[in-house]
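Just below is one structure, and these are the notes that go with it.
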Amino acid sequence: MARESRGRDNRGGRNARDDRDNEFVDKLVHINRVAKVVKGGRRFGFAALVVVGDQKGRVGFGHGKAREVPEAIRKATEAAKRGLIRVPLREGRTLHHDVAGRHGAGKVYLRAAPPGTGIIAGGPMRAVFETLGVQDVVAKSLGTANPYNMVRATFDALANEESPRQVAARRGLKVSDIISRRSDGAGGTELEG
């Protein structure tokens with residue numbers, strides 16, 4: 001009897017967790033077959049790289065290894081949800097400013113883009129932008145095609161992204177001063193945000 005009631009409580013908790021998980025979109029970036037050499041030969045497993053985001057400015061990535069592909073993906077998704085970062089977006093569609101990121105041999109350059117540009121980026125970076133909720137961005141990856149390093153370099157760049165509010169607070173200015181300078185340099189007030 002006690003077991004049944006505990007089962008009901010668990011289902012209620014699981015439904016609440018499922019609702020929270022439903023707000024996230026996850027994308028499988030890469031699966032790799034890995035081998036562990038043991039006495040009798042090789043044991044094969046799988047490594048998965050997953051990017052998770054809420055398409056409203058929060059994104060994370062995770063890596064998971066297991067003997068079966070679905071288990072590796074599940075582990076990677078959980079790891080991604082544990083390591084979410086928040087990225088400020090301009091008008092909820094693009095970056096506030098151009099930024100560069102680096103991890104190992106991987107270098108990435110991310111540029112803000114006008115409306116209608118779309119996501120111009122390579123495979124692993126595209127997955128990050130789609131889950132982040134960016135609609136207009138131009139990105140270039142240099143130095144490596146390794147998806148792990150490309151994703152880490154992209155996250156390094158996104159971690160350096162600042163909103164005008166953060167810049168104004170750091171420099172002791174008003175947000176309007178920062179935005180007016182940006183729009184003067186770009187030649188239009190459509191960039192405010």
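General remarks:
- Sites listed here are GluC sites (Glu not before Pro) in segment 16-83 whose DSSP assignment is loop and whose Cβ has at most 14 other Cβ atoms within 10 Å: Glu23, Glu68.
- ³J(HN,Hα) computed for each position of segment 129-142 - Karplus, 6.51 cos²θ - 1.76 cosθ + 1.60, integer Hz, glycine/proline x: 5, 5, 6, 6, x, 6, 10, 10, 7, 10, 9, 9, 10, 10
- Protein accessible area in segment 97-159, 1.4 Å probe - carbon and sulfur %: 55
- Accessible area per residue for segment 14-142, computed on protein heavy atoms with a 1.4 Å probe, is 55 Å².
- Solvent-accessible area of segment 52-93 (1.4 angstrom probe, protein heavy atoms only): carbon and sulfur portion equals 49 percent.
The values are calculated or read from the model by the stated rules, or taken from the named source; none is laboratory data. Computed from a predicted structure; not experimentally measured. Neighbour counts are summed over all protein chains in view; Cβ atoms, including those assigned to glycine, are modelled from backbone coordinates with ideal geometry. Keep in mind that these areas ignore ligands, DNA and RNA; they rest on the heavy atoms of the full protein, side chains included. Shrake-Rupley method; radii C 1.70, N 1.55, O 1.52, S 1.80 Å.
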